[in-house]
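Following: one structure in structure tokens, then a few remarks.
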Ligand code: ATP
Ligand code: MG
């Protein structure tokens with residue numbers, strides 16, 4: 001990736017904080033002026049003392065020196081505050097943008113990137129940048145300015161001194177740049193190995209119950225050690241390189257200091273400079289060594305930040321394949337007709353999951369979808385909500401291609417209850433309205449009643465404010481069936497025009513299932529429905545039935561027609577199911 005990409009990212013986030021950056025620049029300039037001016041005062045003090053000037057003048061110079069020391073302290077506090085503030089504001093904005101960007105990326109992206117890896121990208125990498133703004137900007141910028149000012153002052157005193165030290169500083173900076181370029185890939189690799197490790201740990205923690213019950217802990221531990229080892233070796237390499245770099249720097253600095261001492265002594269002996277100026281040369285040389293050394297010490301941070309910035313820029317450069325529609329023609333109100341025309345789809349090239357599917361569901365009609373596991377039923381549901389787009393063919397709702405409607409509007413109009421119910425560690429209200437700011441408590445309670453959850457709700461300690469979820473903050477427990485009912489409640493509240501129930505009743509016992517049968521009937525009233533089910537009983541209310549096999553539509557037609565045809569797969573399936581029940 002070109003460095004310009006990184007610069008654009010930096011410029012974008014620092015540009016918003018223009019005033020803060022400006023204030024920081026003023027503070028930095030003042031700090032440097034005070035630090036360069038202080039030895040100048042001492043030089044005058046020494047020369048005045050040697051020259052036998054009056055005590056008042058000496059006291060005045062001493063007092064001024066003390067005052068400047070105090071000002072210098074005040075400035076460093078103010079600079080630390082402003083740069084810390086700048087770092088937090090700029091990087092928090094960056095965090096927000098990154099999270100928003102990641103949430104907008106395609107399903108394919110989320111399937112290839114683990115949650116741990118994304119946390120590393122959006123938090124750890126950005127924290128490295130916060131360090132860049134708060135400590136690095138502070139030190140490197142002050143030090144660089146200090147270097148330049150010292151060189152100017154020394155050149156004004158004696159051009160030979162100025163020239164020798166300028167050559168020396170340029171040499172140091174050249175070496176510094178080269179080493180920075182060498183070490184950056186090592187830090188990038190170290191950070192990637194750490195992200196990989198965190199991703200692995202995150203994944204395993206999520207599946208802890210399955211791991212324990214299946215006795216897979218030894219496998220997890222072995223893999224953990226292997227990944228930890230890779231991460232350690234990468235970090236070891238990166239640190240080793242940094243230590244070699246800082247050792248080389250020390251040798252360079254010591255050589256520079258010796259040279260400057262010799263030159264100062266020679267000039268003093270030749271009578272070219274006074275004793276005060278010798279003090280000044282000595283102090284400035286030490287001051288020169290300090291910024292160089294600090295720049296070297298900060299090079300690790302710079303490399304980490306540079307590697308982080310590179311990865312952040314790479315992440316921001318990823319664009320979702322799914323394009324949001326313009327929403328020029330809005331979807332008609334009420335139930336919507338749904339049409340799939342010759343739809344084919346594959347997650348991976350060359351392995352089609354859906355092949356040439358054509359379906360027409362009238363507004364308010366219900367389609368039952370049957371098929372073996374892996375036949376593509378859930379995939380079809382994902383295409384209808386635009387979680388993915390078909391490779392070939394088109395899908396339209398209410399006569400409008402779904403790609404033309406805004407995704408947010410489309411997902412508002414198409415409600416789905418899936419096999420996996422995700423409950424967040426938040427209040428019951430937020431879980432049901434999905435954090436909508438304008439929720440209607442009465443309506444929520446009414447929906448819970450309709451779903452037969454009134455007893456469960458009545459037992460909650462704080463009603464709708466009760467925190468639910470699967471972590472330690474949870475104030476109420478719920479069974480898998482209750483979780484599924486809560487997912488139903490979400491769709492009720494969303495009030496969509498098309499409802500997709502993907503194996504939605506598979507977790508419910510017979511009694512609970514009967515309980516929601518009524519609710520489902522109500523939910524489907526005035527809405528178009530797609531019911532995906534293994535169990536035939538759940539699609540008794542379907543007007544049409546589609547049977548998928550290996551991604552192909554092998555049977556499709558009116559339910560009663562298929563039922564009447566003794567040779568149809570549907571009636572065959574029903575026959576097998578009724579035999580199973582009798583057994
Ligand atoms: P089930 O009845 O078990 O829910 P299904 O009919 O809903 O099955 P799908 O989930 O649509 O089946 O999966 C269809 C095929 O697509 C399967 O072979 C599955 O392995 C594959 N598949 C599903 N999701 C993905 C994915 N995210 N990436 C790659 N392949 C996938
Ligand atoms: Mg499925």
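The values are calculated or read from the model by the stated rules, or taken from the named source; none is laboratory data. For clarity, every value in this text was computed on a predicted model and none was experimentally measured. Note that we place each Cβ from the backbone using ideal geometry, even for glycine, and neighbour counts take in every protein chain shown.
What the table below lists for this structure:
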item	result
Residue match in segment 354-367 (condition: buried (at least 21 other Cβ atoms within 10 Å of the Cβ), within 13 Å of ligand 1 (Cβ to nearest atom) and assigned to a strand (DSSP E or B))	yes
Residue 367 being modelled with pLDDT of 90 or more, within 16 Å of ligand 2 (Cβ to nearest atom) and on the phi < 0 side of the Ramachandran plot	yes
Selection status of residue 398, over 18 Å from residue 532 (Cβ atoms), more than 16 Å from ligand 2 (Cβ to nearest atom), buried (at least 21 other Cβ atoms within 10 Å of the Cβ) and assigned by TED's automatic domain parsing to the domain that holds residue 540	yes
Verdict on residue 253 being buried (at least 18 other Cβ atoms within 10 Å of the Cβ) and either in the same structural domain as residue 122 (by TED's automatic domain parsing) or farther than 30 Å from residue 39 by Cβ (or both)	yes
Failed criterion for residue 360 (all others in (1) at pLDDT 90 or above; (2) within 14 Å of ligand 2 (Cβ to nearest atom) hold)	(2)
Residue match in segment 405-419 (condition: in a loop (DSSP other than H, G, I, E, B) and either assigned by TED's automatic domain parsing to the domain that holds residue 111 or within 30 Å of residue 574 (Cα to Cα) (or both))	yes
Any chance residue 452 is on the phi > 0 side of the Ramachandran plot, buried (at least 16 other Cβ atoms within 10 Å of the Cβ) and within 16 Å of ligand 1 (Cβ to nearest atom)	no
Test: residue in segment 417-424 that is surrounded by 15 or more Cβ atoms within 10 Å (Cβ to Cβ), more than 16 Å from ligand 1 (Cβ to nearest atom) and modelled with pLDDT of 90 or more	no
Scope segment 101-125; condition more than 22 Å from residue 304 (Cβ to Cβ) and either modelled with pLDDT of 90 or more or not in a helix (DSSP H, G or I) (or both); matching residues	105, 106
The one condition in (1) in a helix (DSSP H, G or I); (2) out of contact with any helix residue (DSSP H, G or I) (no Cβ under 7 Å at 6 or more places or on another chain) that residue 53 fails to fulfil	(1)
Condition met for residue 349 (part of a loop (DSSP other than H, G, I, E, B), in the same structural domain as residue 408 (by TED's automatic domain parsing) and within 16 Å of ligand 1 (Cβ to nearest atom))	yes
Meets criteria (modelled with pLDDT under 85, touching a helix residue (DSSP H, G or I) at 6+ places or on another chain (Cβ under 7 Å) and under 26 Å from residue 451 (Cβ atoms)) for residue 505	yes
Near pairs, Cβ below 6 angstrom, 6+ apart or cross-chain, from segment 381-392 (outside the structural domain of residue 107 (by TED's automatic domain parsing)) to any residue that is near ligand 1 (Cβ under 10 Å from one of its atoms) and part of a loop (DSSP other than H, G, I, E, B)	382/388
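Each row is one residue, and each column tells you yes or no for (1) in a loop (DSSP other than H, G, I, E, B); (2) within 16 Å of ligand 1 (Cβ to nearest atom); (3) modelled with pLDDT of 90 or more.
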| residue | (1), (2), (3) |
| --- | --- |
| 303 | no, no, no |
| 306 | no, no, no |
| 312 | no, no, no |
| 322 | yes, yes, no |
| 336 | yes, no, no |
| 340 | no, yes, yes |
| 373 | yes, yes, no |
| 379 | no, yes, yes |
